[in-house]
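The values are calculated or read from the model by the stated rules, or taken from the named source; none is laboratory data. Quantities reported herein were computed from a predicted structural model and do not represent experimental measurements. A quick note on method: Cβ atoms are made from the backbone with ideal geometry, for glycine too, and the neighbour counts reach across all protein chains shown.
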Amino acid sequence: MKALIETIVTPLVDHPEDIVVTETEEETKIVYHLTVNQNDVGKVIGKNGRIAKAIRTVVYASKSETNKRIYLDIM
């Protein structure tokens, strides 16, 4: 899942080397924290959050091996 998030976000940003995806697993959910360069935050979020919503839609739609819910947090 980390690779999927990185693959989606890399073409959007000017500083792909600053992309960091961390995973936090809890009892009923898995949370992925996406951190990008401060100058690229607007590009990842997009106008009115449209790009962020599209990224979340793709990530949520991908199948997980476990039955845990998946969340994406953009920092």
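Quick one: what pairs do we get from the stretch 1-29, first residue closer than 14 Å to residue 66 by Cα, second exposed (fewer than 13 other Cβ atoms within 10 Å of the Cβ) and not charged (D, E, K, R), C-beta under 7 Å, 6+ apart or different chains? Qualifying pairs under 7 Å: 1/62. When 19, 30 are checked against the criterion of being among the hydrophobic types (A, V, I, L, M, F, W, C), touching an Asp or Glu at 6+ places or on another chain (Cβ under 7 Å) and at pLDDT below 95, 30 stands alone in meeting it.
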